[in-house]
Amino acid sequence: MSKVISGFSKLTKEEKIQWLTRNFFNNEDQVHTTIRQYWNSDEALQQLHDDFIENTITNFYMPYGIAPNFIINGKEHVIPMVVEESSVVAAASLVAKFWSTRGGFKTRVISTTKIGQVHFMYEGDKAELQQYFETQKPQLLEATAPITKNMEKRGGGIQSITLVDKTASLPNYYQLHVTFETVDSMGANFINSCLEAMAKQFRKDDIEIVMSILSNYVPDCVVRSEVSCKVADLGGDDPEKFARKFEQAVKIAEIEPYRAVTHNKGIMNGIDAVVLATGNDFRAIEAGAHAYASKSGQYSSLTHCEIKDGIFTFWIEIPLALGTVGGLTALHPMAKLSLDMMGKPSARELMEIMATAGLAQNFAALRALTTKGIQHGHMKMHLMNILNQLGATAQEKENISKQFENQTVSHSAVVEAFHKLRS
Ligand code: MEV
């Protein structure tokens, strides 16, 4: 029997679950129990979550952790992180503490402009189109006036509109390329509404509007975060060697795309966690960050390192189009809590905090990779997970952890050690 269904969205939540379990599971009771286990007992709160998307049947938990000890531009911060990967929060906290005694993180917003485009086709004379654009420009702005009014009061709005000829790449293809300042909102709805209003106004028999949409490529919405100290102050047995190897690791990521992707993935471990905790759009941030990493034509590292005159400097420059008002930031109680925890930051301040979380994460990864290796920390976690599964007591965990300090962790080796200890 076909499982294609019409009018699914109109079913009640209960009916949707019944349809799902009947059609896609054998053990209906077990599935019902699991789904219900994750419902919130506060009905209003559950309803709020149900309404974020369509066809909600339950919630999916992710751990919400906090990383203390961040000093950013002299101010103490605790950073909320939503992430499922073990060791991300621990790494952020450790690195934050490390740099807290070495001047902390210094950050600076470089630019905050966002982009939207009206894509259209035009077969006629280019000079005529240019002329039409020039005469239409005031009307284009006028058409958006009802939308931009409030944004302008907050210091934002449309900054420029240009006509771009893309016919060399695609026959008859032109754009209205529009730059926006959206202040503390991410601005997706604002930008798209402005673009659609412009597209409506930019009508002419020989113009065919294809689409109007913001771009998630925001190379002019960029923030920098940096740490710096004397090489000798980096600590450890051999700080010079550490600094040199660390710099080499960054240089490798600058020129080798295979490494750069993993290097940047580690950065995004930190950034995405804060993006999620603050109810921002992680797909937009990811897309924008990786596009920026390719801006030279070759995918490269988002962080950089320099050792000069005995000073070690490590920094990130990354585009982050964020909001601290509107969208989920206003609706999701945990997103609000996250923002409150960080002192209700402006979008600019949140850019600085997030870039710092990314830089800290990258520092942690490179420090591990160029010294003990990444598996050292991971295996400790792996060992704990296995011991938890086996139901080991605190004493047993301590005992077995000691045994594995200099032994490779594998599932079978841990199980064997556990049974040996118990017998
Ligand atoms: C793992 O999630 C992230 C790392 O692979 C990042 C890196 O290699 O730099 C450790």
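Every condition in (1) more than 16 Å from the ligand (Cβ to nearest atom); (2) out of contact with any strand residue (DSSP E or B) (no Cβ under 8 Å at 6 or more places or on another chain); (3) farther than 24 Å from residue 108 by Cβ holds for residue 322 except the one numbered (3). Only one of the numbered conditions (1) outside any helix (DSSP H, G or I); (2) over 30 Å from residue 9 (Cβ atoms); (3) of a type in the set (Ser, Thr, Tyr) is violated by residue 61, and that is (2). The requirement of being in a strand (DSSP E or B) and surrounded by 13 or more Cβ atoms within 10 Å (Cβ to Cβ) is fulfilled somewhere in region 137-157, by at least one residue.
Do any helices (runs of 4 or more DSSP H) lying entirely in region 347-423 carry at least 3 residues that are over 34 Å from the mean Cα position of the chain (by Cα), and which ones are they? Spell out how you get there, then give the answer.
On the way: elements: 347-369, 374-390, 394-403, 411-422.
So the answer is 394-403, 411-422.
For region 401-418, a residue qualifies if it is more than 17 Å from residue 377 (Cβ to Cβ) and in contact with a helix residue (DSSP H, G or I) (Cβ under 9 Å, 6 or more places away or on another chain), and the qualifying residues are 403, 411, 413, 415, 417, 418. Take residue 3 and decide whether it is over 22 Å from residue 337 (Cα atoms) and modelled with pLDDT of 95 or more. No, not satisfied.
When residue 358 is tested against (1) within 13 Å of the ligand (Cβ to nearest atom); (2) under 30 Å from residue 401 (Cα atoms); (3) touching a helix residue (DSSP H, G or I) at 6+ places or on another chain (Cβ under 9 Å), just one condition goes unmet, and that condition is (2).
To keep it simple, each residue is scored yes or no on (1) assigned by TED's automatic domain parsing to the domain that holds residue 349; (2) closer than 29 Å to residue 90 by Cα; (3) of a type in the set (D, E, K, R); (4) surrounded by fewer than 15 Cβ atoms within 10 Å (Cβ to Cβ).
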residue	(1), (2), (3), (4)
172	no, no, no, yes
177	no, no, no, no
180	no, no, no, no
184	no, no, yes, no
203	no, no, yes, yes
239	yes, yes, no, no
267	yes, yes, no, no
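The values are calculated or read from the model by the stated rules, or taken from the named source; none is laboratory data. No experiment lies behind these values; they were computed from the predicted model shown. Cβ: placed from backbone, ideal geometry, glycine included. Neighbour counts: every protein chain shown.
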